[in-house]
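Report on the structure given below.
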Amino acid sequence: MMEQGKCWNCRYFSRYYTKETTRFRSTKFGRCCKAGEAVESNGGCERYMRRERCKRSETMLRVCLGDILRQLKELRCILEEERETRDEDGK
């Protein structure tokens with residue numbers, strides 16, 4: 001018999017959170033999208049399917065963030081040029 005996994009690691013589990021002053025705190029409960037009811041995060045059932053994790057290397061994240069930063073710099077230059085053009089036309 002295959003061992004059942006815990007709900008907290010199941011793709012159908014959506015954890016509940018409570019709002020605090022400066023952050024959200026995870027609770028011990030969540031909703032099972034397959035069963036359609038609230039369940040404990042440490043529970044398990046026959047519907048369990050392991051949650052797939054996004055596997056991105058630190059290098060790939062750095063490349064993506066660098067690309068985003070470059071795009072933001074380009075937008076900033078465009079906006080500054082437009083502002084300078086407006087200022088020159090307004091004088």
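The values are calculated or read from the model by the stated rules, or taken from the named source; none is laboratory data. The structure displayed is predicted, hence computed values, not measured ones. Positions of Cβ are generated from backbone atoms using ideal geometry, with glycine treated the same way; all protein chains shown enter the neighbour counts.
If we scan the stretch 25-47, do we find a residue that is exposed (fewer than 10 other Cβ atoms within 10 Å of the Cβ), at pLDDT 90 or above, outside any helix (DSSP H, G or I) and within 22 Å of the chain's Cα centre (by Cα)?
The answer is yes; a qualifying residue exists.
Filter the stretch 12-24 down to residues that are within 20 Å of Arg50 (Cα to Cα) and not in a strand (DSSP E or B), then give me how many there are.
1
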